[in-house]
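Each remark here refers to the structure printed beneath this line.
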Amino acid sequence: MNLDDFLKKLDRVLATRRDMFVIARTDATDLEEIILRAKAFEAAGADAILADGIKDLNILKTLKTQLTKPLVFNQIAGGKSPTCNLSELKDVGVSLVNYSTPCLFAAQAAIEDQMKLLREEDGFLLKERIGVPECNRLLKQNLANRDN
(Lines give C-alpha, C1' and ligand atoms only; values in the text may rest on other atoms or scores of the structure.)
Protein backbone atom coordinates (compact mmCIF):
# COMPACT_ATOMS: atom_id res chain seq x y z
CA MET A 1 0.00 0.00 0.00
CA ASN A 2 1.38 3.41 -0.84
CA LEU A 3 1.98 6.16 1.69
CA ASP A 4 -0.98 8.29 0.55
CA ASP A 5 -3.36 5.36 1.15
CA PHE A 6 -1.89 4.81 4.63
CA LEU A 7 -2.23 8.49 5.47
CA LYS A 8 -5.88 8.54 4.38
CA LYS A 9 -6.66 5.60 6.65
CA LEU A 10 -4.66 7.12 9.51
CA ASP A 11 -6.47 10.44 9.15
CA ARG A 12 -9.86 8.67 9.34
CA VAL A 13 -8.83 6.76 12.47
CA LEU A 14 -7.43 9.86 14.16
CA ALA A 15 -10.53 11.90 13.31
CA THR A 16 -12.88 9.40 14.96
CA ARG A 17 -10.91 8.23 17.97
CA ARG A 18 -11.90 8.99 21.52
CA ASP A 19 -9.91 6.96 24.05
CA MET A 20 -7.51 5.29 21.67
CA PHE A 21 -3.73 5.17 21.41
CA VAL A 22 -2.94 4.98 17.68
CA ILE A 23 0.17 3.16 16.52
CA ALA A 24 0.98 3.63 12.82
CA ARG A 25 2.89 0.79 11.16
CA THR A 26 5.35 1.65 8.39
CA ASP A 27 5.02 -1.53 6.28
CA ALA A 28 8.31 -0.80 4.52
CA THR A 29 11.72 -2.49 4.37
CA ASP A 30 13.92 0.23 2.85
CA LEU A 31 15.37 2.55 5.52
CA GLU A 32 14.60 5.75 3.59
CA GLU A 33 11.01 4.63 3.05
CA ILE A 34 10.65 3.65 6.72
CA ILE A 35 11.86 7.10 7.78
CA LEU A 36 9.65 8.86 5.22
CA ARG A 37 6.55 7.00 6.38
CA ALA A 38 7.36 7.33 10.08
CA LYS A 39 7.79 11.10 9.77
CA ALA A 40 4.56 11.39 7.80
CA PHE A 41 2.66 9.36 10.39
CA GLU A 42 4.11 11.43 13.21
CA ALA A 43 3.14 14.65 11.44
CA ALA A 44 -0.38 13.28 10.88
CA GLY A 45 -0.78 12.77 14.64
CA ALA A 46 -0.11 9.08 15.30
CA ASP A 47 0.72 8.46 18.96
CA ALA A 48 3.53 5.99 18.19
CA ILE A 49 5.33 4.46 15.23
CA LEU A 50 5.89 0.75 14.58
CA ALA A 51 8.55 -0.15 12.05
CA ASP A 52 7.93 -3.82 11.36
CA GLY A 53 10.05 -6.58 9.86
CA ILE A 54 13.25 -4.99 11.15
CA LYS A 55 16.22 -7.28 10.51
CA ASP A 56 18.80 -5.07 12.24
CA LEU A 57 18.21 -3.17 15.49
CA ASN A 58 20.44 -0.33 14.25
CA ILE A 59 17.57 0.62 11.91
CA LEU A 60 15.50 1.37 15.00
CA LYS A 61 18.33 3.43 16.48
CA THR A 62 18.52 5.49 13.29
CA LEU A 63 14.74 5.84 13.11
CA LYS A 64 14.49 7.03 16.71
CA THR A 65 16.83 9.94 15.93
CA GLN A 66 14.26 11.11 13.37
CA LEU A 67 11.17 10.93 15.62
CA THR A 68 9.77 12.48 18.77
CA LYS A 69 6.93 9.95 19.16
CA PRO A 70 7.41 6.59 20.92
CA LEU A 71 8.86 3.79 18.83
CA VAL A 72 7.16 0.37 18.95
CA PHE A 73 8.83 -2.98 18.31
CA ASN A 74 6.78 -6.00 17.30
CA GLN A 75 8.43 -9.14 18.74
CA ILE A 76 6.96 -11.96 16.64
CA ALA A 77 7.93 -15.56 17.34
CA GLY A 78 9.53 -16.79 14.13
CA GLY A 79 9.39 -13.34 12.52
CA LYS A 80 12.04 -11.44 10.56
CA SER A 81 13.23 -9.33 13.49
CA PRO A 82 16.01 -10.58 15.74
CA THR A 83 15.08 -11.98 19.12
CA CYS A 84 16.27 -9.49 21.72
CA ASN A 85 15.62 -8.43 25.28
CA LEU A 86 14.01 -5.30 26.66
CA SER A 87 17.35 -3.72 27.58
CA GLU A 88 18.59 -4.02 23.99
CA LEU A 89 15.37 -2.52 22.69
CA LYS A 90 15.49 0.35 25.16
CA ASP A 91 19.10 1.04 24.12
CA VAL A 92 18.01 1.57 20.50
CA GLY A 93 15.11 3.84 21.48
CA VAL A 94 12.12 1.52 21.66
CA SER A 95 9.41 2.62 24.11
CA LEU A 96 6.79 -0.10 23.62
CA VAL A 97 7.09 -3.79 22.77
CA ASN A 98 4.23 -5.83 21.32
CA TYR A 99 4.45 -9.54 22.18
CA SER A 100 1.39 -10.61 20.20
CA THR A 101 2.42 -13.97 18.83
CA PRO A 102 4.12 -15.44 21.91
CA CYS A 103 0.87 -14.96 23.82
CA LEU A 104 -1.20 -16.19 20.89
CA PHE A 105 0.97 -19.28 20.45
CA ALA A 106 0.89 -20.01 24.20
CA ALA A 107 -2.90 -19.75 24.14
CA GLN A 108 -3.03 -22.04 21.11
CA ALA A 109 -0.90 -24.65 22.93
CA ALA A 110 -3.08 -24.37 26.07
CA ILE A 111 -6.25 -24.82 24.01
CA GLU A 112 -4.76 -27.86 22.31
CA ASP A 113 -3.79 -29.33 25.71
CA GLN A 114 -7.31 -28.73 27.06
CA MET A 115 -8.94 -30.31 24.01
CA LYS A 116 -6.65 -33.35 24.34
CA LEU A 117 -7.59 -33.66 28.02
CA LEU A 118 -11.30 -33.44 27.19
CA ARG A 119 -10.88 -36.21 24.60
CA GLU A 120 -8.98 -38.36 27.11
CA GLU A 121 -11.68 -37.78 29.77
CA ASP A 122 -14.54 -38.50 27.34
CA GLY A 123 -15.63 -34.87 27.57
CA PHE A 124 -15.68 -34.80 31.37
CA LEU A 125 -14.79 -31.28 32.48
CA LEU A 126 -12.31 -31.27 35.35
CA LYS A 127 -13.50 -28.59 37.79
CA GLU A 128 -10.17 -28.26 39.60
CA ARG A 129 -8.70 -26.49 36.59
CA ILE A 130 -9.21 -22.73 36.19
CA GLY A 131 -12.85 -21.67 36.13
CA VAL A 132 -14.96 -18.53 36.15
CA PRO A 133 -14.01 -17.36 39.68
CA GLU A 134 -10.27 -17.78 39.03
CA CYS A 135 -10.55 -16.18 35.61
CA ASN A 136 -12.40 -13.17 37.07
CA ARG A 137 -9.85 -12.87 39.89
CA LEU A 138 -6.98 -12.81 37.36
CA LEU A 139 -8.78 -10.28 35.19
CA LYS A 140 -9.38 -7.96 38.16
CA GLN A 141 -5.77 -8.38 39.29
CA ASN A 142 -4.50 -7.49 35.81
CA LEU A 143 -6.75 -4.43 35.69
CA ALA A 144 -5.51 -3.31 39.10
CA ASN A 145 -1.89 -3.83 38.05
CA ARG A 146 -2.49 -1.74 34.92
CA ASP A 147 -3.48 1.23 37.07
CA ASN A 148 -0.34 1.05 39.24
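The values are calculated or read from the model by the stated rules, or taken from the named source; none is laboratory data. These figures come from a predicted structure and were not determined experimentally. Here the Cβ is made from the backbone with ideal geometry for all residues, glycine too, and neighbour counts use every protein chain on show.
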Checklist (1) modelled with pLDDT of 90 or more; (2) basic (Lys, Arg); (3) within 19 Å of Thr83 (Cα to Cα) applied to Lys55, failing item: (1)
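I need the full set of residues from the stretch 71-90 which are among the hydroxyl-bearing types (Ser, Thr, Tyr) and over 18 Å from Ile49 (Cα atoms), in order please.
Applying the first criterion (among the hydroxyl-bearing types (Ser, Thr, Tyr)) to the stretch 71-90 yields 81, 83, 87.
Once the filter is applied, which keeps residues that are among the hydroxyl-bearing types (Ser, Thr, Tyr) and over 18 Å from Ile49 (Cα atoms), the stretch 71-90 yields Thr83, Ser87.
Residue-wise test of (1) of a type in the set (A, V, I, L, M, F, W, C); (2) surrounded by fewer than 17 Cβ atoms within 10 Å (Cβ to Cβ).
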| position | (1), (2) |
| --- | --- |
| Asp11 | no, yes |
| Thr29 | no, yes |
| Glu33 | no, yes |
| Ala46 | yes, no |
| Thr62 | no, yes |
| Thr65 | no, yes |
| Gln75 | no, no |
| Leu86 | yes, yes |
| Tyr99 | no, yes |
Cross-chain or 6+ apart pairs with Cβ under 8 Å, the stretch 23-41 first and within 17 Å of Lys55 (Cβ to Cβ) and in the same structural domain as Arg12 (by TED's automatic domain parsing), then in a helix (DSSP H, G or I) and among the hydroxyl-bearing types (Ser, Thr, Tyr): Leu31/Thr62; Ile35/Thr62
Close pairs (6 angstrom Cβ cut-off, 6 or more residues apart or separate chains): assigned by TED's automatic domain parsing to the domain that holds Ile76 and farther than 27 Å from Ile76 by Cβ in the stretch 106-130, surrounded by fewer than 10 Cβ atoms within 10 Å (Cβ to Cβ) and aliphatic (A, V, I, L, M) anywhere: none
Unmet criterion (only one of (1) within 19 Å of Leu71 (Cβ to Cβ); (2) surrounded by 12 or more Cβ atoms within 10 Å (Cβ to Cβ)) for Arg17: (1)
Top-ranked residue of the stretch 42-80 - restricted to ones that are under 15 Å from the mean Cα position of the chain (by Cα) and of a type in the set (Asp, Glu), ranked as nearest to Thr29 (Cα to Cα): Asp52
Which numbered condition Leu126 fails, given (1) over 17 Å from the mean Cα position of the chain (by Cα); (2) not in a loop (DSSP other than H, G, I, E, B): (2)
